[in-house]
Amino acid sequence: MLEAFRILEEDKGIKKEDIIEAVTESLRSAYRRRYGQADSASIEFNEKTGDFRVYTVREVVDEVFDSRLEISLKDALAISSAYELGDKIKFEEAPAEFGRVAAQSAKQTIMEKMRKQTRAITYNTYKEHENEIMSGTVERFDNRFIYVNLGTIEAQLSKQDQIPGEVFASHDRIEVFVYKVEDNPRGVNVFVSRSHPEMIKRLMEQEIPEVYDGTVEIMSVSREAGDRTKVAVRSHNPNVDAIGTIVGRGGANIKKITSKFHPAKYDAKSGRMIPTEENIDVIEWVADPAEYIYNAIAPAEVDQVIFHAEDNKRALVVVPDNKLSLAIGRRGQNVRLAAHLTGFRIDIKSASEFEAMEAANELGGFGQDYVAEDVPAEVDALSAEFEVEELANGTEVATEIELEESEAVATE
């Protein structure tokens, strides 16, 4: 018995004390099943021999009404002449006499206790890794998930958490971001992602020492996985350039991040899937929201950032006419990522549109402006795009942009 407990503790991670408690509870349940009550039963475990013993206590009475709880004075005196009325006598019961049904009940109780303990251990183990990156092996697929073996559990990688164009085979070793761990009646569920914006942040913490030690801080990440990501950073050391540190010499640090992903897109000309890379724009975070928005719209130039008089999370960004399509981006991607990054609802207007609205007094709540002369004339060249891969999890941010107009303008 003791050897069995040791094996369970080593293989299942269940403490011996918890197993003993489960067996004790099961024996009490079995006794109740056999005799209809269990209040008078006590179970003792011998630490040296590993044996369980079941005892019941009966009271010495003149007339017995319930033989499970009482014993006659005559029978008590036959055991020992020292017994008197009202004394309590302890009797050992034979568990084998509880019957097959009782034994099955005991087994079920033990198994249920073990399942609960195992589930609790699994939940606590993976809960500690929530919001972290873990390495696992692709096990199997179905219509909803890719199942990734993380060691003692299969995590679920849904379609929306996958990078478009990224394909895996069974037994592939991959890294995933654990974003939710649930404990429900059916068991523990671990949900992972490769498209989550936080995965970029965690990878930078792993690959860039200055991020890991806090010298450079990742303030915000906005991502459309497999295509483009914007990362806002700041330095806590005046002698350390945040953008240069993240990019690395010749883009070395960014390339370490992008090498973790392998998206591909269909090429109509060749008729096959070709490898692609996810672009990462690194911009400087600043406390001034106008300058922050200015930086986030990069690589497009900005003339003005105007905040709404009543809604302090809404901004109107005015750009040169010939930079409108660049500011908006393909299918609105650039302004959408900027909105995610900054937390502002951003409206993009060209200079001529803004002038026309101003002349017609149609600016509404947009009043105080922030002129581009107050910010650097050019966006730092180090915020140029480098390739990576992962999308933004489909989170929608309200942005008022004119896609038809942007698509009509030649991409710059």
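Within the set of pairs 6 or more residues apart or between chains, which connect a residue that is in contact (Cβ under 8 Å) with a residue 60 or more places away in the chain inside region 237-263 to a residue that is hydroxyl-bearing (Ser, Thr, Tyr) and in a loop (DSSP other than H, G, I, E, B) with Cβ atoms less than 6 Å apart?
Correct list of pairs: 263/276.
Given the conditions (1) in a loop (DSSP other than H, G, I, E, B); (2) crowded, with 18+ Cβ neighbours inside 10 Å, which single one is not true for residue 168?
Checking residue 168 against (1) in a loop (DSSP other than H, G, I, E, B); (2) crowded, with 18+ Cβ neighbours inside 10 Å, the one that fails is (2).
State yes or no: is residue 322 without any contact (Cβ under 8 Å) to a residue 60 or more places away in the chain and either touching a Pro at 6+ places or on another chain (Cβ under 9 Å) or of a type outside the set (Phe, Trp, Tyr) (or both)?
For residue 322, the condition - without any contact (Cβ under 8 Å) to a residue 60 or more places away in the chain and either touching a Pro at 6+ places or on another chain (Cβ under 9 Å) or of a type outside the set (Phe, Trp, Tyr) (or both) - is not met.
I'd like to check which strands (runs of 3 or more DSSP E) are fully inside region 63-144 and have at least 2 residues that are modelled with pLDDT under 90.
70-72, 88-93
If a residue must be crowded, with 20+ Cβ neighbours inside 10 Å and in contact with a strand residue (DSSP E or B) (Cβ under 6 Å, 6 or more places away or on another chain), how many such residues does region 179-193 contain?
4
For residues that are open to solvent by 60 Å² or more (accessible area, probe 1.4 Å) and outside any strand (DSSP E or B), scanning just region 37-62, find the one that is modelled with the highest pLDDT.
The selected residue is 62.
Exactly one of these conditions fails for residue 358: (1) farther than 28 Å from residue 164 by Cα; (2) modelled with pLDDT of 50 or more; (3) touching a strand residue (DSSP E or B) at 6+ places or on another chain (Cβ under 8 Å). Give me its number.
Of (1) farther than 28 Å from residue 164 by Cα; (2) modelled with pLDDT of 50 or more; (3) touching a strand residue (DSSP E or B) at 6+ places or on another chain (Cβ under 8 Å), only one is false for residue 358: (3).
Does region 67-93 hold any residues that are open to solvent by 40 Å² or more (accessible area, probe 1.4 Å) and either under 29 Å from residue 21 (Cα atoms) or among the basic types (Lys, Arg) (or both), and which are they?
67, 68, 69, 70, 74, 88, 90, 91, 92
Residue-wise test of (1) in contact with a strand residue (DSSP E or B) (Cβ under 8 Å, 6 or more places away or on another chain); (2) open to solvent by 50 Å² or more (accessible area, probe 1.4 Å); (3) among the aromatic types (Phe, Trp, Tyr).
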position: 122; (1), (2), (3): yes, no, no
position: 131; (1), (2), (3): yes, yes, no
position: 139; (1), (2), (3): yes, yes, no
position: 143; (1), (2), (3): no, yes, no
position: 155; (1), (2), (3): yes, no, no
position: 163; (1), (2), (3): no, no, no
position: 174; (1), (2), (3): yes, no, no
position: 177; (1), (2), (3): yes, no, yes
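Looking at region 203-259, what helices (runs of 4 or more DSSP H) fall wholly within it and have at least 2 residues that are outside the structural domain of residue 292 (by the TED database) and within 22 Å of residue 178 (Cα to Cα)? Quick ask: steps written out before the conclusion?
Numbers: elements: 209-212, 242-247, 252-258.
Here the list reads 209-212, 252-258.
Quick check on region 236-243. Is at least one of its residues open to solvent by 20 Å² or more (accessible area, probe 1.4 Å), at pLDDT 95 or above and among the small types (Gly, Ala, Ser)?
No, region 236-243 contains no residue that is open to solvent by 20 Å² or more (accessible area, probe 1.4 Å), at pLDDT 95 or above and among the small types (Gly, Ala, Ser).
Among the numbered conditions (1) of a type outside the set (S, T, N, Q); (2) over 30 Å from residue 238 (Cβ atoms); (3) without any contact (Cβ under 8 Å) to a residue 40 or more places away in the chain, tell me where residue 278 comes up short.
Checking residue 278 against (1) of a type outside the set (S, T, N, Q); (2) over 30 Å from residue 238 (Cβ atoms); (3) without any contact (Cβ under 8 Å) to a residue 40 or more places away in the chain, the one that fails is (3).
Any residue that is among the acidic types (Asp, Glu) and open to solvent by less than 20 Å² (accessible area, probe 1.4 Å) - is there at least one of those in region 288-304?
Initial filter on region 288-304 (among the acidic types (Asp, Glu)): 288, 291, 301, 303.
Still in the list and also open to solvent by less than 20 Å² (accessible area, probe 1.4 Å): none.
So far as region 288-304 goes, no, none of its residues is among the acidic types (Asp, Glu) and open to solvent by less than 20 Å² (accessible area, probe 1.4 Å).
How many residues does region 171-202 contain that are free of Cβ contacts under 8 Å to residues at least 60 places away in the same chain, under 30 Å from residue 216 (Cβ atoms) and not in a strand (DSSP E or B)?
Of the residues in region 171-202, the ones free of Cβ contacts under 8 Å to residues at least 60 places away in the same chain are 171-174, 176-182, 184-186, 189, 191-192, 201.
Imposing the further condition that a residue be under 30 Å from residue 216 (Cβ atoms) reduces the set to 173-174, 176-181, 191-192, 201.
Within this subset, residues satisfying the condition of being not in a strand (DSSP E or B) are 201.
Result for region 171-202: 1.
The values are calculated or read from the model by the stated rules, or taken from the named source; none is laboratory data. From a predicted model like this one, the values you see are computed outputs, not experimental measurements. All Cβ positions, even for glycine, are placed from backbone atoms using ideal geometry, and neighbour counts span all protein chains on display. We work out accessible area using only protein heavy atoms, side chains counted, and drop any ligands, DNA or RNA first. Shrake-Rupley method; radii C 1.70, N 1.55, O 1.52, S 1.80 Å.
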